[in-house]
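K.L.:
The structure follows.
Every number in this text was worked out from the coordinates using simple rules, so none of it is lab data. This is a predicted model, so every value here is computed, not measured. Counting neighbours? That spans all protein chains shown, and the Cβs are built from the backbone with ideal geometry, glycine included.
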Amino acid sequence: METMGFWNETLARWRGEGLPESHANMLLAFIYFGMEPWIPLYLGADQHPGFDPVFTENVLSNDGRRIVKRDITGSVIEVFQDGSSSVPGYIEFPVKDWSSWEEVKKRLDPNTPGRLGSQWEPFINITKATQSPLGISIPGLFGTLRHLMGFEPLMRAYYDLPNLIHAISKHWVYLWKDVVAKAKKMAPHADILMLWEDMCGKNGPVISPAMFREFMSPYYKELIGFVRDELGVPALAVDTDGDMTLLIPLFVEAGINWLFPFEAQAGMDVTEVRRKWPREFMIWGGIDKRALAKDEKAIRDEVDRVAPFMLQCGGYMPATDHSVPPDVPFHNFKYYVEYLRKVGERI
């Protein structure tokens, strides 16, 4: 699985450069390139904090170019009408204080009937038939708080409303211990728990290691320990963009054993990470996607920089350091996949 995915605009471009129309969506593109993707039971993650039911989308205004709407997370956002990939403009978030949290918490009840319904059966059956890995993908703790409160209000809440942060975090553990246990019963072969966090930027994590220890470590340890020891899930992953260097020891301490995507443009070098952490966790990613937009030599140089050393060390899934952006030509991506596999065959 040599990439995390593809931008929608990338697949749209590639349809004009040789990608068959029959394979011009995310899953079918993986299959077209001969990849073996893991199949997620996608229980919120980057889309929402695990609401059931989600909020009903409601358009509040439309000027012909931009739409202001209340989305499924309960936030009021501004987006482009044509659906272009961009970070929404956030106007309002569903949790502002204790009373709004108590109202929103009703949507985070592990026992709501629609949470683990028949909609997941086709995905489970696919993994049984193809022996593809099956994972349970949920919002991480920081990811949940950011969904509920928004980035800047959350930064203030760590100082102004710490008791509320702890209350939401305790409920996060309660919710996901119950839901993951039910999902594992429904799909005993699920071997991955994936937590979406995205809590780092180019200059490092957005909260300090000390704040991580206070506001995240206890809850991480409780959930991860339960999923690993009681449910027997072996692969425990965190997805966070940016430079995660300062948080790696804390994730490891909490029981995480798989990290990705290791963005090169944020200064992450997976070869340096592996030298420091030789066997503690699996790494997925780390190949600079920007090289794929250049030429074949740049692609070879980047693959050669990362893949031989990392594959020899083990515990590595070679892949781009995030989804493939639309400045990458179809030919270049095909060349990247073919060359990377040739390198792998020699290891």
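K.L.:
Between S132 and E9, what is the label-to-label distance in nm when each label sits 7 Å out along the Cα-to-Cβ direction?
P.N.:
Simple spin-label model gives 2.7 nm for this pair.
K.L.:
May I pose another question? Assuming 0.36 nm per residue, please report the length gained on full extension of the stretch Y90 to H23 beyond their Cα-Cα distance. Provide the component values of the computation, followed by the final result.
P.N.:
Numbers: separation 67, 0.36 × 67 = 24.12 nm, distance 3.34 nm.
Difference between extended and current length: 20.8 nm.
K.L.:
Let me ask something additional. Suppose each label sits 7 Å from its Cα in the direction of the beta carbon; what would the R66-Y42 distance come out to in nanometres?
P.N.:
Spacing of the two 7 Å Cα→Cβ label points: 2.7 nm.
K.L.:
Another question, then. For the Cα atoms of the chain, what angle does the longest principal axis make with the long axis of helix 121-130, in degrees from 0 to 90, nearest 10?
P.N.:
With both axes taken from Cα atoms, the answer is about 30 degrees.
K.L.:
Next question. Mind checking the log10 I(q)/I(0) for the stretch 1-143 at q = 0.10, 0.13, 0.18, 0.22 Å⁻¹? Debye, one equal scatterer per Cα, no solvent, two decimals.
P.N.:
Values, matching the q order: -0.49, -0.81, -1.24, -1.32.
K.L.:
Label-point separation (nm) for K342 and F80, each offset 7 Å from Cα along Cα-to-Cβ?
P.N.:
For the pair K342/F80, the computed spacing is 3.6 nm.
K.L.:
Placing unit charges on C-beta atoms (Lys and Arg positive, Asp and Glu negative, everything else neutral), compute the dipole magnitude of the chain about its Cα centre in debye, rounded to 20.
P.N.:
500 debye
K.L.:
To continue, here is another question. Output the 0 to 90 degree angle, nearest 10, between the alpha-carbon long axis of helix 151-160 and the longest principal axis computed from the alpha carbons of the chain.
P.N.:
Once rounded, the angle reads 50 degrees.
K.L.:
Can I ask one more? Taking every DSSP beta bridge that has both residues in the chain, what percent is antiparallel when rounded to the nearest 5?
P.N.:
On the way: 14 of 40 bridges.
Antiparallel bridges: around 35 percent, rounded to the nearest 5.
K.L.:
Set the Förster distance to 45 Å, then compute FRET efficiency between K294 and F55 from the Cβ-Cβ distance, nearest 0.05.
P.N.:
After rounding, the FRET efficiency stands at 0.60.
K.L.:
About the Cα centre, and with charges only on the beta carbon of Lys, Arg (+1) and Asp, Glu (-1), how big is the dipole of the stretch 213-311? Nearest 20 debye, please.
P.N.:
240 debye
K.L.:
Work through the residues other than L175 whose Cβ is under 13 Å from its Cβ and net out their charges, Lys, Arg +1 and Asp, Glu -1.
P.N.:
Computed value for this residue: +3.
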